[in-house]
Amino acid sequence: MYKNILPKIDFWNFLSPLDVIVFFLVLAITGASVLYGQHLKTKALKKGSEKESFLDMLVLGRQLTMPMFIATLVATWYGGIFGVTEIAFNYGIYNFVTQGVFWYVAYIIFAFFIIHKIAPYKAVTLPDLVEKMFGPNSAKLTGVFNFFNVLPVAYTISLGLFLQLLFGGELIANIAMGTTFVVLYSMWGGFRAVVFSDIIQFFVMVSGVFLILLFSVMTFGGLDFLQANLPAKHFSVTGGNSIATTLVWGFIAMSTLVDPNFYQRCFAAVNERAAKRGILISTFIWFCFDICTTFGAMYARAIIPTAESKHAYMTYAVQILPDGLKGFVLAGILATILSTMDSYLFLAGTTLSYDLAPKKWKGKVKFHHLGIILVGVISICVSIVFKGDIKAVWKTLGSFSASCLLLPVVYGHIFPRRIKDNQFVFSCLLGVITTAIWRNIERPAPFNNVDELYIGILTTSLGLTFYHLLNRKKEA
């Protein structure tokens, strides 16, 4: 029955006129939401001073209600759908563990232990918070980390892959075309436009991945079918990888505790309670979403095992869905990418124009627009360097953030006012240097399989401890 499902297809041959109408209708509704966000932003500009208007642009004037908080937070986290489905296609439930379970732990920690600690600072960005916790030098360094952490390289690649599947051509040309479009609407309506577009994209993306799994089960059967048609490693929590490699993703997931997108939405929330409940409800939705994407990609592996892993999920989905729903699900996959890419693009622009900008330019709306354009150009260039490898992007950029920035910030939450400005900078820089060196040298046995993330965490911790002991010795 499933022999007719092909590993490689011309997408337009499988799309009916109804699919095309549905696809562009969803895009039109998303565009209308951006226009509405721009309209509200214009009203805010007329009402307040430039400082108040900039605050509205960055954190929605701290008026983000819980339903909006949930929609924008959930939508922001899944732009790398080609990345997670590729991992699930190749390794099965290993994807659910590394891209799901580890992250749920981080979300819950943030909800119960971080939110109430950051609320009194009334910060606008993570570097702004770090400055109030540690000092100005720490803030600038955090801004640099932030920039690379939220540089939307993985999502420019995802968007390029999506457009390449539909229209053909070179990947880099599709990346450039897609990124230009997102840059334009991200800088046009500010964070308000990002939130309003996320609301539409949230409903479409969640419905889309659910429909793919639903039709998979209805067409081929449930777990018994997958067990009969997949390698045993697809049902192992390590997916055939080592425990150490698997746990690396756990530390990368903990970088959520220093993820500027998380902080920005909490800073924008109407109150602490809305942020806390919003994260917990979002975690349940993410759980359901991860079930759908993981098993959907596993069905793709079972049915078309020779398909290119990056494209397999989308190739499979278009062939099993009825007319009308194909266009809706394609719009859902695109929405998943756009909803993350616009948030990361906007926040990376904020990092340049607010956290790293000279004082005379800080808080200027036009400079923020320039920052977003610059981020778009850099993202395109870096995506060429990584040759379209989304997993490598996550692993590389996530490792530096998790190994160098995570522990100093977490220690700062646990022991307020105990870590000094220069101590923070010293330990982070030590972590960066050792992580970069370990990544690029030939490692001696028996340490050749030790990931650079572990080395970064170790040296950052030692840097904090050494600086503290040296200071105590001087004071004595």
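Counting only Cβ charges, +1 for Lys and Arg and -1 for Asp and Glu, the dipole size of the range 2-388 around its Cα centre is about 1160 debye. Once the Cα atoms are used to define both axes, helix 452-475 deviates from the longest principal axis of the chain by about 10 degrees. Assuming a ≥ b ≥ c are the square roots of the Cα gyration tensor eigenvalues, decide whether the chain counts as rounded (a/c under 1.5), prolate (otherwise, with a/b larger than b/c) or oblate. The shape class here is oblate. Three semi-axes describe the equivalent ellipsoid of the range 324-476; taken as square roots of 5 times the Cα gyration tensor eigenvalues and ordered largest first, they are 35, 24, 15 Å.
Computed from phi, the 3J(HN,Hα) profile of the range 368-383 under the Karplus parametrisation 6.51, -1.76, 1.60 (θ = phi - 60°) reads 5, 4, 4, x, 5, 4, 4, 4, x, 5, 4, 4, 4, 5, 5, 5 Hz, with x in place of Gly and Pro. Think of the chain as having a plus end and a minus end, set by charges on the Cβ of Lys, Arg, Asp and Glu; of Gly398, Phe167, Leu470, Leu470 sits farthest toward the positive end of this dipole. The angle between the Cα long axis of helix 325-350 and the longest principal axis of the Cα atoms of the chain comes to about 10 degrees, rounded to the nearest 10.
Need one word for the range 305-381: rounded, prolate or oblate. Basis is the Cα gyration tensor (sqrt eigenvalues a ≥ b ≥ c); a/c below 1.5 gives rounded, then a/b vs b/c decides. Note, shape of the range 305-381 comes out prolate. Would the range 407-476 count as rounded, prolate or oblate if I go by the C-alpha gyration tensor, calling it rounded below 1.5 in a/c and otherwise prolate when a/b exceeds b/c, oblate otherwise? In terms of gyration-tensor shape, prolate.
Between 0 and 90 degrees, the angle of helix 421-440 with respect to the longest Cα principal axis of the chain falls at about 40 degrees. Taking Lys and Arg as +1 and Asp and Glu as -1, the other residues whose beta-carbon sits under 11 Å from that of Asn146 total -2.
All of the numbers you see were taken from the coordinates with simple rules; none came from a lab. From a predicted model like this one, the values you see are computed outputs, not experimental measurements. Counting neighbours? That spans all protein chains shown, and the Cβs are built from the backbone with ideal geometry, glycine included.
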